[in-house]
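Below is one structure, written out as structure tokens; comments come after it.
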Amino acid sequence: MAFDEDLSEGERTVLLLHPHWKTVLGPFLFVSVVIVAAAVGEVLVPQGRLAAPARIAIGVAALAIAIGWGGIPLLRWRTTTYQLTTRRLRLRRGILSRSGRDFPLIRISDVSFQHGLVDRLLGTGKLTVESAGEHGQLVLTEIPHVERVQAILFQLVEDEQARLAREEN
């Protein structure tokens, strides 16, 4: 897996996620409306000398709107990753410039989840990770299969604590 290249020795990826697909549902629906509006605009352009430039302008405007309000959120979704490893929780995001945060599992003190009715139907939710240190609490929204992720993260925290206890003895 490409994400394993920059892990420390003995560390491996357990789970690699992107935000839930519902984060791009709104932009997708908006782009669909823009495409329909552009098609209607193309049909309603009256015949004549300026018909071709008007149709080109409508197409260019629709394309610009689709890229701006559809393509960018899709790229943002695709370039945001949540990676659970055997030693840490890694967050990475950014299209052109990247940013990231790592949370060592040993510093995590509590993991909880929350989801409402719609989130339960879609299989997503909010994951809250309590951590010792200056940042305290991390809230991740739109996590797919949030209950499973919470259970895996909790188990990884326990495994890491047991590993460190064995190393101390």
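Which residue out of Leu50, Leu16, Leu44 is within 26 Å of the chain's Cα centre (by Cα) and aliphatic (A, V, I, L, M)?
The unique qualifying residue is Leu16.
May I ask you to list the residues in the range 78-125 that are hydrophobic (A, V, I, L, M, F, W, C), farther than 24 Å from Leu156 by Cα and in contact (Cβ under 8 Å) with a residue 40 or more places away in the chain?
Leu122
Taking the residues in the range 29-44 that are in contact (Cβ under 8 Å) with a residue 12 or more places away in the chain and either in the same structural domain as Asp159 (by TED's automatic domain parsing) or β-branched (Val, Ile, Thr) (or both) as candidates, determine which candidate is nearest to Pro144 (Cα to Cα).
Result: Val31.
I'd like the full set of residues that are closer than 27 Å to His115 by Cβ and either over 24 Å from the mean Cα position of the chain (by Cα) or not β-branched (Val, Ile, Thr) (or both), limited to the range 19-41.
Pro19, His20, Trp21, Lys22, Leu25, Gly26, Pro27, Phe28, Leu29, Phe30, Ser32
For Thr128, state whether it is in the same structural domain as Val157 (by TED's automatic domain parsing) and in contact (Cβ under 8 Å) with a residue 40 or more places away in the chain.
no
List the helices (runs of 4 or more DSSP H) that sit entirely inside the range 72-169 and contain at least 2 residues that are over 16 Å from the mean Cα position of the chain (by Cα) and exposed (fewer than 13 other Cβ atoms within 10 Å of the Cβ).
117-122, 146-168
Please state which one of Val129, Val111, Val149, Val118 is farther than 17 Å from Leu15 by Cβ, β-branched (Val, Ile, Thr) and either at pLDDT below 95 or out of contact with any Lys or Arg (no Cβ under 7 Å at 6 or more places or on another chain) (or both).
The conditions single out Val118.
The values are calculated or read from the model by the stated rules, or taken from the named source; none is laboratory data. Predicted, not measured: the structure shown is a model, and the values here were computed from it. Ideal geometry is used to build each Cβ from the backbone, glycine not excepted, and the neighbour counts take in all protein chains shown.
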